[in-house]
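The values are calculated or read from the model by the stated rules, or taken from the named source; none is laboratory data. Since we're looking at a predicted model, the values are computed, not measured. Virtual Cβ from ideal backbone geometry, glycine too; neighbours counted across all protein chains shown.
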Amino acid sequence: MKISGFFCMWGGLLALMTGTSASAQTTALRTGGLMVDKDIVMPGDLFELSQTQFNFGTARSMAMAGAFTSLGADLSSMSINPAGLGMFRRSELTVTPLMNFARAENSAAAYGKNSRDRFSLGNIGLVINAYEGTGRLVSLNVGFGYNRLADLNYRTSFFRTGNVGSIADMYAMQMRYSPLTQNSIRGNNLDWNRLDANLWPAVLGYKCALIDDPDNDGMWSPTWISSDRYDPADGAHHIDIGQYSTVQSRGSLGEYALSLGANIGNKVYVGATIGIQSLYQKKEYYYAEDYTYPTPSDRNPEGVAPDLDYQLLYSKLNQAVVTEGTGVNFKLGVTYRPIENLRIGAAFHTPTYYSFDRKYQGAMASLSYANRHTDPDVTPDKDGYIPLEMQTPLLQDDGPNSWSFISPSRLLLGVSYAFGSRGVIAVDYERAWYNGIRVKDTPSGVPSGSYDDTFRSVFKGANTLRVGAEFKPVPVVSLRAGFGVSGSWLQDRHTQLSSPIAKRITYYGAGVGFLLSRSVVLDVAYSYQTTAMTAYALYYADEYDTATGQLIEVNASDEFTTDIDRHALAVTLGFRF
């Protein structure tokens, strides 16, 4: 797999900062994966928080894939091209309730639910026709409103059996590159606040019997999982490790907009928006393993490992991350109408400056079985089972240790043509510079420059195309459809980050609008959006020679892929006055 430069650098820092043996000066450890590094913000996290989607705002905009850079006269214009606000000739109030249905499809068998449904607010807005004149300035409008920019609700869950590798192998490698021994974290010697947070899951692994340091010399290993896992001659497995994964995300990205739009001579429309963005996301990560051996017994149907006094039956890791913050940006737009039916629009969105707090906590539980009770420090129950559980304290990145970054700047260009009063077609192009994402503030000890280097070297400017059409078979009914496609954020499409990110989004929309009276409109829209994600591992640990880059030891799960399909239904009720 090709891993981004950020993770190579981060693994090297881990080895040099925590290594105490001579080998740590010439070797380094690179770790990552979906279930790893949740204690820190990764580049993929910032990318996810920087993305906007197609299907939010009003139902009319949603049905036409958001192709409103040149169209205007819609409350979603405040978050697309504020010049469109200048096309209103009356005041208007709109509200848009929205239902989202997210479905995940994985390359492995489903485990539990792979769906998440959510009711939310797509738009609420008010435009006030503040001035109507007969001179060069035809009208001036002021807009206030909220537009939902991105939905962060989804759930993906799958499992795969037949593995011989375990996340415990990675934990053992991490701990061997740390200064920790068994005695340094045993019993009351454990002080979570004095440990690097990236080692917290590995320490949980020790507390729940996934790894151990039996000689107290820092040579950690998974002692309660058999080391005789397969026959190197024929590849026959002596153990079956099942791996179970669930990720559930809740949240959204929305924008509160204050906009001003002007109509100059019915030829030129200009506008500006100050956008205050609200960000909230809670992500829960669940990872479990079960360990089955081919020799069952009456008391242990999972099978007995003959080389182990104590053997793991299963383990489960739960991690939760909450990200909450605000952002601010500025939008400028202009639309020109050279002839009656043709409109040409352009808008520029400055980078959004985000500041956010983050909370992280992990917990682990396991169940083991005593084949032979030989250790006085271990206490099985009367049936020979050993249940263990442990959790970390709450890690809070807030106050002076909060995060801030700037998202990409965006340039939007659009053209639309009206066929009299019967219909219109609009085409939009957007360029967003994801290689321009920059981290500004980080908790102490986290090097911000490494993030910037990753975005420069791994990401690039991305293109989005939107096409929308509207047809009126009768004056009071409008039929709408839209299509959009977005992707190519990575310089090399085969690059894998620690966690999956979107690599291509395809969008389809359709809707109908009704003019119920001179003052009331009702719009209904449906959209379908499919997001293909980059491939990823649940965990990986690569030990390599820092001088030659040659791999020395590799531990990793299989690679997986996930696609997320989103269905949305929106209804906009508008009042004109």
**Asked** Does the range 463-472 contain any residue that is in contact with a Lys or Arg (Cβ under 8 Å, 6 or more places away or on another chain), surrounded by 15 or more Cβ atoms within 10 Å (Cβ to Cβ), modelled with pLDDT of 95 or more and among the small types (Gly, Ala, Ser)?
**Response** yes
**Prompt:** How many residues are out of contact with any helix residue (DSSP H, G or I) (no Cβ under 7 Å at 6 or more places or on another chain), under 30 Å from GLU105 (Cβ atoms) and either of a type in the set (S, T, N, Q) or not in a loop (DSSP other than H, G, I, E, B) (or both) if we restrict to the range 547-567?
**Reply:** 12
**Asked** What are the pairs, 6+ residues apart or on separate chains, where a residue within the range 516-531 that is under 30 Å from SER488 (Cβ atoms) has its Cβ under 8 Å from a residue that is buried (at least 18 other Cβ atoms within 10 Å of the Cβ) and basic (Lys, Arg)?
**Response** ALA525/ARG60; ALA525/ARG480; SER527/ARG566; TYR528/ARG566; GLN529/ARG566; THR530/ARG566; THR531/ARG566
**Asked** Quick check: is even one residue across the range 377-386 crowded, with 16+ Cβ neighbours inside 10 Å, aliphatic (A, V, I, L, M) and touching a Gly at 6+ places or on another chain (Cβ under 9 Å)?
**Response** no
**Complete:** Taking the range 87-116 and keeping residues under 21 Å from LEU569 (Cα atoms), of a type in the set (S, T, N, Q) and surrounded by 16 or more Cβ atoms within 10 Å (Cβ to Cβ) leaves THR94, THR96, ASN100, ASN114
**Request:** Taking the residues in the range 165-198 that are free of Cβ contacts under 8 Å to residues at least 40 places away in the same chain and part of a helix (DSSP H, G or I) as candidates, determine which candidate is nearest to the chain's Cα centre (by Cα).
**Result:** ARG194
**Request:** Would you be able to tell me the number of residues in the range 345-376 that are under 30 Å from ALA67 (Cα atoms), surrounded by fewer than 16 Cβ atoms within 10 Å (Cβ to Cβ) and not hydroxyl-bearing (Ser, Thr, Tyr)?
**Result:** 1
**Prompt:** Any idea which residue in the range 449-459 is nearest to GLY420 (Cα to Cα), counting only those that are at pLDDT 90 or above and surrounded by fewer than 17 Cβ atoms within 10 Å (Cβ to Cβ)?
**Reply:** ARG456
**Request:** Kindly establish whether LEU34 is within 22 Å of ALA535 (Cα to Cα), touching a Pro at 6+ places or on another chain (Cβ under 8 Å) and aliphatic (A, V, I, L, M).
**Result:** yes
**Request:** Specify the residue that is surrounded by the fewest Cβ atoms within 10 Å (Cβ to Cβ); the eligible residues are those in the range 155-164 that are of a type outside the set (S, T, N, Q) and in a strand (DSSP E or B).
**Result:** GLY162
**Item:** Checking VAL446 against (1) modelled with pLDDT under 95; (2) surrounded by 18 or more Cβ atoms within 10 Å (Cβ to Cβ); (3) among the β-branched types (Val, Ile, Thr), the condition it does not meet
**Value:** (2)
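Check the range 193-215 and report whether any residue there is more than 30 Å from GLY325 (Cβ to Cβ) and either in contact with a Cys (Cβ under 9 Å, 6 or more places away or on another chain) or exposed (fewer than 15 other Cβ atoms within 10 Å of the Cβ) (or both).
Yes; the residues of the range 193-215 include at least one that is more than 30 Å from GLY325 (Cβ to Cβ) and either in contact with a Cys (Cβ under 9 Å, 6 or more places away or on another chain) or exposed (fewer than 15 other Cβ atoms within 10 Å of the Cβ) (or both).
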**Asked** Which ones in the range 52-77 are in contact with a Ser or Thr (Cβ under 9 Å, 6 or more places away or on another chain) and over 25 Å from TYR528 (Cβ atoms)?
**Response** GLY72
**Complete:** With the first residue restricted to the range 153-164 and required to be over 30 Å from ASN100 (Cβ atoms), and the second required to be among the aromatic types (Phe, Trp, Tyr), Cβ contacts under 9 Å at 6 or more apart or on different chains are VAL164/TYR230
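Just wondering, is there one or more residues in the range 135-146 that are basic (Lys, Arg) and touching a Lys or Arg at 6+ places or on another chain (Cβ under 8 Å)?
no
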**Message:** Whether any residue in the range 91-107 is assigned to a loop (DSSP other than H, G, I, E, B) and under 16 Å from VAL138 (Cα atoms) is what I want to check.
**Reply:** yes
**Asked** Considering the range 265-290 alone, what residues qualify as being surrounded by fewer than 21 Cβ atoms within 10 Å (Cβ to Cβ) and over 30 Å from MET42 (Cα atoms)?
**Response** GLY265, ASN266, LYS267, VAL268, VAL270, ALA272
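Can you report the number of residues in the range 226-270 which are β-branched (Val, Ile, Thr), modelled with pLDDT under 95 and either farther than 19 Å from CYS208 by Cβ or within 33 Å of the chain's Cα centre (by Cα) (or both)?
0
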**Asked** For PRO393, are the conditions met, namely being under 31 Å from the mean Cα position of the chain (by Cα), surrounded by 15 or more Cβ atoms within 10 Å (Cβ to Cβ), part of a loop (DSSP other than H, G, I, E, B) and touching a residue at least 40 places away in the same chain (Cβ under 8 Å)?
**Response** no
**Request:** Need at least 2 residues that are at pLDDT below 70 per element, so show me which helices (runs of 4 or more DSSP H) inside the range 1-72 make the cut, counting only ones lying wholly within it.
**Result:** 5-18
**Request:** Could you run through the range 48-86 and say how many residues are surrounded by fewer than 24 Cβ atoms within 10 Å (Cβ to Cβ) and without any contact (Cβ under 8 Å) to a residue 60 or more places away in the chain?
**Result:** 1
**Item:** Selected residue (criterion: nearest to the chain's Cα centre (by Cα)) from residues of the range 203-215 that are more than 13 Å from GLN319 (Cα to Cα) and of a type in the set (A, V, I, L, M)
**Value:** VAL203
**Request:** Scan the range 320-336 for residues that are buried (at least 18 other Cβ atoms within 10 Å of the Cβ) and touching a Ser or Thr at 6+ places or on another chain (Cβ under 9 Å) and report the count.
**Result:** 6
**Request:** Within the range 513-542, track down each residue that is of a type in the set (Phe, Trp, Tyr) and farther than 26 Å from GLY482 by Cα.
**Result:** TYR536, TYR539, TYR540
